[in-house]
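Okay, handing you the structure first.
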Amino acid sequence: MKTITQQPIGIFDSGIGGTSIWKEIYQLLPQEHTIYLSDSKNAPYGQKSTQEIIDLSIKNTQFLIDKGAKIIVVACNTATTNAIQYLRSNYKIPFIGIEPAIKPASLNTQTGTIGILATKGTLNSALFEKTTSSLNDEINIIEQVGEGLVELIENGKIYSDEMTFLLKKYITPMLDKKCDYIVLGCTHYPYLLPQIHKITGKKVKIIDSGEAVAKQVKNILTQQNLLNLSNEIPSNIFYINKDKSVLEVMLKNYKNSKISFLDF
């Protein structure tokens, strides 16, 4: 029988984008078991109402708890900004959320202008408003909804002409306004880094939250004595409720991972 420390880290996202967070956790905590839930059938969350996002987050959370998760990472910016307060109030399990890394960008900008590429659900959330309102009034924030990006990533069209067109459309106005930092406010977007760098060049820094989230997971597990210290080979199980071919490509270099279709 497994002890609580041997139970898995649970992770959920509106789709496959949260695997960018999973990879950071995997690198930092390779001894941990993980269970990842990709709710691709309902992606993207960014265009849904707050109540819809909360309801989906409850469903995802309950699934991971039923699978024995000892901690849950909400690897979705939209679900974090709209639902994590509810989840933390109604479940005893620790939750780690994902927030756009606006503060480090605002502290390090030299031009005083930063860009934020995120979903509509994240940009319109109360948590996002609270975060941005706490910044220096002299910081100019250019907000941009990345409409269509998640759908293209979910369908394996990262390097498509349509993706290139949308990224140029969204990022060029930021560059025209002298942004020197662009914050990625969706866990799907780190998969677009090669494309984004081609547009921005080396002078603009792109920030995502993956590494910081992994460190926070380690901190919480350490504080609550939940780190897995056993010598068993860790398992990494991925559940997806839509075509798994794109997910298989993203995980092809991770041999100890198993992907299962879920009618969910």
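Read-outs: derived from the displayed coordinates by stated rules, not from any lab. Given the structure is predicted, the values throughout are model-derived calculations rather than measurements. FYI the Cβ positions are ideal-geometry reconstructions off the backbone, even for glycines, and counts take in every protein chain you see.
From the phi of every residue in the range 232-244, what ³J(HN,Hα) in whole Hz does the Karplus formula 6.51 cos²θ - 1.76 cosθ + 1.60 yield, where θ is phi - 60° and glycine or proline is x?
So the Karplus estimates, Gly and Pro as x, are 6, 6, x, 10, 10, 10, 10, 10, 9, 9, 8, 3, 9 Hz.
Per the Kirkwood treatment, what hydrodynamic radius in Å, one decimal, follows for the range 70-145 from the mean inverse distance over all distinct Cα pairs?
Kirkwood radius, the range 70-145: 13.4 Å.
For the range 176-264, which GluC sites (Glu not before Pro) are in a loop by DSSP, counting at most 12 other Cβ atoms within 10 Å?
Values: sites: 211, 232, 248; in loops: 232.
Passing sites in the range 176-264 are 232.
Please list, in chain and number order, the residues 5+ apart from residue 241 or on another chain whose amide H is under 5 Å from its amide H, with Hs placed from the backbone.
Hits under the 5 Å cutoff: 38, 40, 41, 262.
Based on the alpha-carbon gyration tensor of the range 97-225 and its eigenvalue square roots a ≥ b ≥ c, which shape applies: rounded if a/c is under 1.5, prolate if not and a/b is larger than b/c, or oblate?
Oblate, because a/c is 1.5 or more while a/b does not exceed b/c.
Turning to a different aspect of this structure: How long are the semi-axes of the ellipsoid equivalent to the range 1-67, from square roots of 5 times the Cα gyration tensor eigenvalues, in whole Å, largest first?
Three semi-axes, in Å: 24, 15, 8.
In debye to the nearest 20, how big a dipole does the chain give about its Cα centre with +1 on each Lys and Arg Cβ and -1 on each Asp and Glu Cβ?
That gives a dipole near 480 debye.
Over the range 2-126, one equal point on each Cα, no solvent: what is log10 I(q)/I(0) by the Debye formula at q = 0.15, 0.18, 0.19, 0.22 Å⁻¹?
Calculated log10 I(q)/I(0) at the listed q: -0.70, -0.95, -1.04, -1.27.
Ok, one more. In sequence order, what are the phi-derived ³J(HN,Hα) couplings for the range 252-264 according to the Karplus relation 6.51 cos²θ - 1.76 cosθ + 1.60 with θ = phi - 60°, rounded to whole Hz, with x for glycine and proline?
4, 8, 10, 5, 8, 10, 10, 10, 10, 6, 10, 7, 9
Still on this model: Per the Kirkwood treatment, what hydrodynamic radius in Å, one decimal, follows for the chain from the mean inverse distance over all distinct Cα pairs?
18.7 Å
Quick one: 3J(HN,Hα) in Hz for the range 179-184, Karplus 6.51/-1.76/1.60 with θ = phi - 60°, rounded, Gly and Pro as x.
Those phi angles translate into 5, 10, 10, 10, 9, 8 Hz.
Beta carbons within 10 angstrom, averaged per residue: use that to sort the peptides 123-130, 77-84, highest first.
Result, highest mean Cβ count within 10 Å first: 77-84, 123-130.
Would you please give the FRET efficiency between residue 177 and residue 258, computed as 1/(1 + (r/R0)^6) with r the Cβ-Cβ distance and R0 = 45 Å, to the nearest 0.05?
With a Förster radius of 45 Å, E is 0.50.
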